[in-house]
Amino acid sequence: CRHPDPTGTCRRPLRARPLFLYLQILGDILGVTLLCFLTGGFASLFTFLYQILIVVGGYLLKRRGAFVVASLDALLFGLLCVSLLYGWIDPSKMGVEFPFDVPTAESAFHALVAHYVGFYLVAALMGLVSGRFETARRALGEAELDLRRARMFTEQLVSSLTWGVITTDAKGTVTFSNPAGMRLLGETLPAGWALADRLRDVGYEGPSPFPEDGFGEREVEVALPEGRHLGLVVAPLRSGASPVGFLVLGRDQTEVVGLREELALKDRLLAVGAMAADIAHEIKTPLGSISGAAQMLAKRHAAGSQEGDLFKIIEEESRRLSEILNNFMRYVKPPPLQKVSLDLRSLTADVVTLFKSDPECARSLEVEAALPEGPVPVAGDPDRLRQALWNLLQNARKAVPGKGRIRVALTIEGPNAILDVEDDGVGMRQDEIQSYFHPFRHGFRKGLGLGLTVVHQVAQEHEGRVVIRSVYGSGTQCRLILPAEAPHA
């Protein structure tokens with residue numbers, strides 16, 4: 001409504017109401033009648049103004065208005081002719097000379113018939129034209145409403161997409177960007193910024209993102225400093241055969257890149273596992289012989305002698321290598337998973353108590369445990385979960401070079417049990433976090449680099465996942481997320 005009242009009700013102005021229009025046209029007809037009276041009566045040159053008023057009435061008041069105005073024209077023009085014919089209006093008595101003579105009955109009749117036929121023919125023509133005009137205007141209004149609805153739907157659709165939708169001109173200047181596109185690239189304006197410059201600002205160092213020949217499409221991957229990954233697809237916008245700009249579809253590919261790296265990790269693990277069993281078996285056999293021979297030779301030399309110490313070193317290193325091989329075999333060929341219903345709180349408390357009893361841990365570390373009061377039921381293999389938690393604690397201990405603190409926390413968030421192991425050690429860089437689940441990738445002097453790889457494997461076996469958060473120089477948080485069981489009634 002263009003003219004609502006203070007209460008919000010739609011009210012048309014007075015000049016737009018039919019009664020006011022009829023009164024205005026009636027005044028115009030009276031004016032035309034007076035003009036015709038002053039300029040020759042029914043023989044006046046200005047009688048055509050009656051037809052113009054019919055056209056105006058038909059335009060403003062549609063078909064009915066045209067016939068009403070024609071009838072008013074006929075009434076007033078007839079009164080004019082009859083008044084002049086019968087002398088109801090005597091110009092000579094008015095003291096004014098008029099440029100016409102008193103009409104005869106025959107001339108008045110002919111004038112009335114001719115003008116009446118003209119009035120109603122024009123009214124009929126305007127009724128037909130106004131009907132078609134109204135139909136066309138209604139169709140135009142419906143088309144405009146449909147266009148408005150389509151535009152609104154398109155804007156809502158584009159604004160609701162999780163994909164970023166960006167359009168540029170031929171020079172790469174952004175002409176439109178939906179909210180998702182602005183969030184992905186950190187821009188607050190929907191238009192007017194250069195896409196290539198923005199991509200370089202966020203760390204993209206590749207070639208131009210736009211197809212050089214204006215044909216086909218180009219896929220661009222952008223690694224952001226905070227660890228997120230963006231995937232962009234750039235395709236030309238065409239008007240006929242000539243390109244007028246580019247369409248850019250973007251999406252946060254962080255999860256996709258993570259899944260891709262996880263699949264690559266699984267492929268690598270399969271390749272490692274294919275040869276691990278044979279290699280470990282071939283190594284363990286001579287290693288056992290070396291360890292046994294070292295023990296026998298150590299008995300032939302006195303304790304504290306140089307030879308005795310050397311054989312002791314051989315024996316200890318052989319035992320350490322045997323332990324590494326055993327861990328490696330458990331990783332490559334883990335025993336069958338034996339899932340049972342268990343209390344993760346009790347299991348965590350036992351492992352933390354055992355870890356605290358380690359003399360090396362007791363000398364340099366403060367270990368805190370924040371455990372819930374009630375049980376935390378999960379379905380899992382107790383031995384595998386103990387191994388995973390022990391590996392997390394050992395990694396945390398190795399990350400703290402001197403005095404430090406390790407905190408273990410167990411919580412329930414929705415359907416998951418969350419086990420956090422935090423340390424205030426050296427932390428890790430972003431590139432180290434991304435490859436830390438890979439086997440043989442470790443940052444410590446001792447060990448094979450399978451600790452977190454085993455944790456990752458155990459989490460997958462239990463339909464869970466491992467999340468690492470770390471700031472270099474400020475410590476690390478390793479989070480083991482497992483599905484929790486509903487508590488028994």
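Values as computed for the structure displayed
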quantity	calculated
The range 112-128 - phi-based ³J(HN,Hα) in whole Hz, Karplus 6.51/-1.76/1.60, Gly and Pro as x	4, 4, 4, 6, 4, 4, x, 4, 6, 5, 5, 5, 5, 4, 5, x, 5
FRET efficiency, residue 43 to residue 135 (Cβ-Cβ, R0 45 Å, nearest 0.05)	0.70
Two-decimal Rg/Rh across the range 169-214, once Rg and the Kirkwood Rh are taken from alpha-carbon atoms	0.96
169, 383, 350, 420, reordered so the largest accessible area comes first (probe 1.4 Å)	383, 350, 169, 420
Above-threshold pairs, the threshold being 32 Å between Cα atoms, out of 171/266; 266/339; 299/356; 266/398; 312/398	171/266; 299/356
For the range 340-353, Karplus couplings with θ = phi - 60° (6.51, -1.76, 1.60), whole Hz, Gly/Pro x	9, 7, 9, 9, 5, 5, 5, 4, 5, 4, 5, 5, 5, 4
Accessible surface of residue 285 - all protein chains present, 1.4 Å probe, nearest 10 Å²	80 Å²
Efficiency of FRET from Cβ geometry, residue 219 and residue 310, R₀ 60 Å, rounded to 0.05	0.50
Label-point separation, residue 154 to residue 125 (7 Å along Cα→Cβ), nm	4.2 nm
Where labels lie 7 Å past Cα in the beta-carbon direction, separation of residue 460 and residue 34 in nm	10.0 nm
Under the Karplus curve 6.51 cos²θ - 1.76 cosθ + 1.60, θ = phi - 60°, whole-Hz ³J(HN,Hα) for the range 184-193, x wherever Gly or Pro sits	5, 9, x, 9, 9, 9, x, 7, x, 10
Ranked order, 462, 110 - accessible area, probe 1.4 Å, largest first	110, 462
Paramagnetic reach from residue 202 in the range 229-244 [backbone N under 14 Å; point 7 Å along Cα→Cβ]	229-234
Separation of the residue 191 and residue 88 label points, Cα + 7 Å toward Cβ, nm	6.7 nm
Residue 115 accessible area, assembled protein chains, probe 1.4 Å, Å²	30 Å²
Those residues of the range 460-489 whose amide nitrogen sits under 20 Å from the label point placed on residue 349, 7 Å along Cα→Cβ	484-489
Three-way shape label, the range 44-200, alpha-carbon gyration tensor, a/c 1.5	prolate
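The values are calculated or read from the model by the stated rules, or taken from the named source; none is laboratory data. Note that the structure is predicted; figures quoted are calculated from it, not measured. Neighbour counts run over all protein chains shown; Cβ positions are idealised from the backbone, glycine included. Heads up: the accessible areas ignore ligands, DNA and RNA and are worked out on the full protein's heavy atoms, side chains in. Shrake-Rupley method; radii C 1.70, N 1.55, O 1.52, S 1.80 Å.
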